[in-house]
Amino acid sequence: MKFERPRGTRDFSPSDMERRDYILSQLRKVFESYAFERIETPVFEHTELFTTKSGQEITENLYTFKDKSGRDLCLRPELTASVARMYVSELAHMRKPVKLYYFGPMYRYERPQKGRYREFWQAGAELIGVEDYGADAEIVCLAADCLDRLGLRYELRLSHLGIIRGLLSDFGLSEEKQDEVLGLLDRDELEQVGDFIRKDAEYNLLKNLMEKKSSTYKDHSKLLKTISSELKGYGDAIFAIGELEKIVDLLVGQEINFIVDLGLSRGLSYYTDFVFDVRVEGLGAQDQVCGGGRYDNLIELFGGQPTPAVGFAFGFDRLVEALKLQGISFPEETFHVAVIPTTYEEDTVKAPTNDKEYTVKDYAVKIARNLRKEGFSVDYDVAGHKLKDQLSHASQAGVKYAVIIGPRELEKGKVVLRNMATKEEKQVEIDKLPKKIH
Ligand code: HAM
């Protein structure tokens, strides 16, 4: 029998994993440098958790199933809803802000293509309990510092859904209708928005707003002033512009490069105010490597106290791809030492360290285990390849030292230490081995 992987999933080879682990370790360092703490939540949840407020794009693509007791469950498509659920049931008593991060697989039944998978990984952060715009700015700084640490070139775009929501609300659209319109805008289906907004003047005002972009500081404030005057009379929208301006000023002060793009709307319905995303040129149609924003109503909707929150998630697979695309390489981790017996024969030798009889290979295993306990990463060849073969494998693998163990040296309590780079060899007492390897 031969099996294929399910569509939209991938296998990761040791070298893929080395790269992925390294990237994750860098992200974790930055998350932790901002005092965010890691959490984990279940891979499957009650379906309702995601059908309540995540929006059409999510609900249409859920992997749902019934368990043996008939419960409606689904594989998680994202983690913000799970974090909000966990916060309400377990973390609400914590001092605010609660700062959490996570990494794990997500599942969406999408049409697979380059950069879009049915199983993909996200690394995300959520800052819960602070309404002040300083929290939005902190979240953006965190995302930018992660990307900078990896050395990636990217484009960061900011917007504020309060502007569009404010307008739509003044046009008489309910919150549900607003969610639908935002979904259409996210999929660039502006034409269909006409079904929701009948008056031409109102439709044109929205269309005009969606085209507004700026890329430099002077530009940002000019743009926001222009929009304020164009939206005169729409109080909620103008208030949101003021909020965005505060975040913009803070980020400019932190020398973060970004674009204000009021055409940015996000596919998920729980966003209420500030939103942002990150794109990387050259990734093709799926070029968004990060998305986030403020969701001030979700926790209350899930039965908690009204609690503001803001966060983001990196599409981890796209980050990995983007780094490859930009030719960014990483230090390769390799094992440090190869312990090689010159013979795998069963003849025994008296070991001077404890006066017991050992075969050379068994003593080699002992030395390998001792070195591992000392903190070295050590390869020992259980397959019993010839000495020459093992040495050439060690050299190809970039090993720093080979510890060669032969019967004659062993009887004297010694081994041969070979520096693989210089090919220099010297006899070393077994007890002193850890000190001679660095
Ligand atoms: P999202 O925009 O749906 O937001 O997903 C975040 C990122 O996950 C995207 O920018 C993209 O890089 C990646 N992604 C999404 N779908 C796929 C896929 N099918 N294949 C590969 N990568 C994918 C969220 O999920 C929100 N929970 C983010 C958030 C956290 N907002 C506030 N806090």
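Data for the structure
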read-out: Qualifying positions in the stretch 112-171 - within 12 Å of the ligand (Cβ to nearest atom), open to solvent by 30 Å² or more (accessible area, probe 1.4 Å) and in contact with a helix residue (DSSP H, G or I) (Cβ under 6 Å, 6 or more places away or on another chain); value: 121, 154
read-out: Test for residue 176: is it assigned to a helix (DSSP H, G or I) and touching a residue at least 60 places away in the same chain (Cβ under 8 Å); value: no
read-out: Elements of type strands (runs of 3 or more DSSP E) in the stretch 281-378, at least 2 residues being open to solvent by less than 50 Å² (accessible area, probe 1.4 Å) and within 13 Å of the ligand (Cβ to nearest atom); value: 288-294, 309-315
read-out: Some residue of the stretch 234-257 being within 16 Å of the ligand (Cβ to nearest atom) and free of Cβ contacts under 8 Å to residues at least 40 places away in the same chain; value: no
read-out: Residues within the stretch 54-74 that are open to solvent by 40 Å² or more (accessible area, probe 1.4 Å) and touching a Pro at 6+ places or on another chain (Cβ under 7 Å), tallied; value: 0
read-out: Check on residue 77, out of contact with any Gly (no Cβ under 7 Å at 6 or more places or on another chain) and either open to solvent by less than 60 Å² (accessible area, probe 1.4 Å) or at positive phi (or both); value: yes
read-out: Given (1) among the charged types (D, E, K, R); (2) modelled with pLDDT of 95 or more; (3) surrounded by fewer than 15 Cβ atoms within 10 Å (Cβ to Cβ), number of the condition residue 381 does not satisfy; value: (3)
read-out: Search result, residues across the stretch 38-48 that are touching a residue at least 60 places away in the same chain (Cβ under 8 Å) and either surrounded by 12 or more Cβ atoms within 10 Å (Cβ to Cβ) or not acidic (Asp, Glu) (or both); value: 38, 39, 41, 43
read-out: Unmet requirement for residue 276, which otherwise passes all of (1) open to solvent by 10 Å² or more (accessible area, probe 1.4 Å); (2) within 20 Å of the chain's Cα centre (by Cα); value: (1)
read-out: Those residues of the stretch 83-95 which are of a type in the set (Lys, Arg) and either under 15 Å from residue 300 (Cβ atoms) or crowded, with 18+ Cβ neighbours inside 10 Å (or both), in sequence order; value: 85
read-out: First in the stretch 301-316 and more than 13 Å from residue 126 (Cβ to Cβ), second anywhere and modelled with pLDDT of 95 or more and of a type in the set (Ser, Thr, Tyr), Cβ under 7 Å, 6 or more apart; value: 304/87
read-out: Unique match (being under 17 Å from the mean Cα position of the chain (by Cα) and among the charged types (D, E, K, R)) among 317, 296; value: 317
read-out: Enumeration of residues in the stretch 208-223 that are crowded, with 17+ Cβ neighbours inside 10 Å and in contact with a strand residue (DSSP E or B) (Cβ under 7 Å, 6 or more places away or on another chain); value: 214, 220, 223
read-out: For residue 51: the one exception among (1) open to solvent by 50 Å² or more (accessible area, probe 1.4 Å); (2) within 16 Å of the ligand (Cβ to nearest atom); (3) within 29 Å of residue 297 (Cβ to Cβ); (4) touching a residue at least 40 places away in the same chain (Cβ under 8 Å); value: (4)
read-out: Listing of strands (runs of 3 or more DSSP E) fully contained in the stretch 385-438 that carry 1 or more residues being over 18 Å from residue 362 (Cα atoms), open to solvent by 20 Å² or more (accessible area, probe 1.4 Å) and among the hydroxyl-bearing types (Ser, Thr, Tyr); value: 401-405
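The values are calculated or read from the model by the stated rules, or taken from the named source; none is laboratory data. Only a predicted model underlies this, so the values are computations on that prediction, with no experimental measurement involved. Note that we place each Cβ from the backbone using ideal geometry, even for glycine, and neighbour counts take in every protein chain shown. With ligands, DNA and RNA removed, areas are computed over all heavy atoms of the protein, side chains included. Shrake-Rupley method; radii C 1.70, N 1.55, O 1.52, S 1.80 Å.
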